[in-house]
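**Student:** The structure follows.
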C-alpha cells in the first residue's frame with residue numbers, strides 16, 4: 001500500500017474493503033486521535049479504548065463517508081462524538097478555572113525570553129517545559145467545550161471553519177470559545193511566570 | 001518610539017480581542033494591517049501577544065503519546081475479518097449520502113440488481129479509478145460498485 005495516497009483516496013479503498021488502506025489511515029491519525037481523546041477524558045486507558053472505537057467506527061461507517069469530503073474533519077467529528085458521549089456517561093470531572101484578566105506587563109521580559117527560539121539555554125528549556133506542564137494541567141481543567149477548540153486549533157492546526165464543522169458551532173462561537181479558553185490559560189501562565 | 005505615538009488605551013481592548021485570530025492567521029487582511037500597525041506602536045499589546053504566543057506554544061509542545069501496537073493488531077484483525085466477509089459491495093446514494101444496500105460474497109458484482117442499472121461509467125478521483133457508477137432506470141438513484 002502506497003503511503004502517499006491522500007486520505008480521501010484511502011477512504012475509497014477502505015470502502016472497497018481494503019484493510020491495508022485502513023491500516024495506513026490508522027497509522028497516520030492514531031496519535032492525533034489518541035491525543036485528542038486523552039485530553040478530553042484525561043485517562044490513558046480509556047483514551048486507548050476510545051481511539052480503537054473511533055477507528056472501528058470509521059471502518060464500519062465507511063459507506064456513510066461522503067465521496068470527496070475532507071476525511072480529517074469527518075474523523076474528528078466521530079472522535080468528538082465518542083469522547084463527549086464518554087464524558088457525559090462517566091461525568092469526567094472538569095473544574096473551570098477562574099478567569100484572570102489582569103494585565104501582564106510584569107511577565108513581559110520572561111515571556112519574550114521563553115518565546116525567543118534563540119534562547120537555547122538549558123535552564124530556559126527546563127522553564128519552558130515546566131510551563132508546558134502547567135498549561136497542560138490547566139487545559140485538562142477547562143470545560144470540554146473550551147478544551148476541544150484549543151486542541152483542534154493548537155494541536156491539530158485546524159482552521160476555524162474546520163472546527164466549526166466538527167463541533168457544529170457557528171464560526172463566531174468557535175472564535176469566542178477560543179478566546180475564552182486562551183484567556184484562562186493565559187491567566188494561569190501569567191500567575192506562574194509572576195510566581196517564579 | 002515617542003510616547004505621543006502610543007495608541008489610546010480604548011483601542012487596546014479591541015486589538016487584544018483579535019490577537020488570537022491574528023496568531024491563527026484567521027484575520028482578514030484589512031484587520032491584520034490595523035492590528036500590526038497598533039502592535040508597532042503599543043508595547044503593552046506586544047507583551048500581551050508574546051504571552052498569548054507562549055500559551056499556544058506550550059499547548060503545541062505538550063508531550064505526544066500514542067496507543068500501543070497491541071491495539072493496532074487487535075483492530076486490524078477485526079477489520080480483516082469483517083473485510084473478508086464482504087469483498088465487493090453495492091452502494092446507493094440518496095440525499096447526498098452513500099449507504100450499502102447489498103453486500104456480495106464474491107470478488108465482482110454479479111447480483112440480480114444489475115437490471116436496475118443503466119450504462120456504467122468509471123469514477124476517478126485525482127486521476128485514479130475508484131469505482132463504477134450507474135443510475136437506475138428512473139434516474140433517481142445512483143449506484144456505486146467497488147471491486148478489488
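**Student:** For the range A:16-37, enumerate the residues that are part of a loop (DSSP other than H, G, I, E, B) and in contact with a helix residue (DSSP H, G or I) (Cβ under 7 Å, 6 or more places away or on another chain). Reasoning before the result, please.
**Tutor:** Taking the range A:16-37 first, the residues part of a loop (DSSP other than H, G, I, E, B) are A:16-18.
Residue satisfying the conditions is A:17 alone.
**Student:** In a helix (DSSP H, G or I), more than 17 Å from residue A:85 (Cβ to Cβ) and facing another protein chain (nearest Cβ under 9 Å) - does that describe any residue in the range A:38-47?
**Tutor:** Scanning the range A:38-47 turns up at least one residue that is in a helix (DSSP H, G or I), more than 17 Å from residue A:85 (Cβ to Cβ) and facing another protein chain (nearest Cβ under 9 Å).
**Student:** Follow-up. Being surrounded by 12 or more Cβ atoms within 10 Å (Cβ to Cβ), assigned to a helix (DSSP H, G or I) and more than 7 Å from chain A (Cβ to nearest Cβ) is the filter here, so list the residues in the range B:41-73 that pass it.
**Tutor:** B:41, B:43, B:45, B:46, B:49
**Student:** Which is modelled with pLDDT of 90 or more and outside any helix (DSSP H, G or I), of B:25, B:20? Give the derivation first.
**Tutor:** On the way: B:20 fails: outside any helix (DSSP H, G or I).
Only one candidate passes the filter, namely B:25.
**Student:** Only one of these is at the interface with another protein chain (Cβ under 8 Å from one of its Cβ atoms) and closer than 17 Å to residue A:61 by Cα: A:26, A:34. Name it. So that I can check it myself, show each step before the final result.
**Tutor:** Numbers: A:34 fails: closer than 17 Å to residue A:61 by Cα.
One residue alone meets the criteria, A:26.
**Student:** Exactly one of (1) without any contact (Cβ under 8 Å) to a residue 60 or more places away in the chain; (2) surrounded by 16 or more Cβ atoms within 10 Å (Cβ to Cβ); (3) under 16 Å from the mean Cα position of the chain (by Cα); (4) facing another protein chain (nearest Cβ under 9 Å) is unmet by residue A:164. Its number?
**Tutor:** Every condition holds for residue A:164 apart from (4).
**Student:** Is it fair to say residue A:125 is in contact with a helix residue (DSSP H, G or I) (Cβ under 7 Å, 6 or more places away or on another chain) and either assigned to a helix (DSSP H, G or I) or in contact (Cβ under 8 Å) with a residue 60 or more places away in the chain (or both)?
**Tutor:** no
**Student:** Would you confirm whether any residue within the range A:53-76 is closer than 22 Å to residue A:140 by Cβ and buried (at least 21 other Cβ atoms within 10 Å of the Cβ)? Can you show your working first?
**Tutor:** Filtering the range A:53-76 for residues closer than 22 Å to residue A:140 by Cβ gives A:53-54, A:76.
With the extra rule that they be buried (at least 21 other Cβ atoms within 10 Å of the Cβ), the set shrinks to A:54, A:76.
Yes, there is a match, as at least one residue in the range A:53-76 is closer than 22 Å to residue A:140 by Cβ and buried (at least 21 other Cβ atoms within 10 Å of the Cβ).
The values are calculated or read from the model by the stated rules, or taken from the named source; none is laboratory data. The model shown is predicted, which means the values in this text are computed figures rather than measured ones. All Cβ positions, glycine included, derive from the backbone under ideal geometry; neighbour counts span all protein chains shown.
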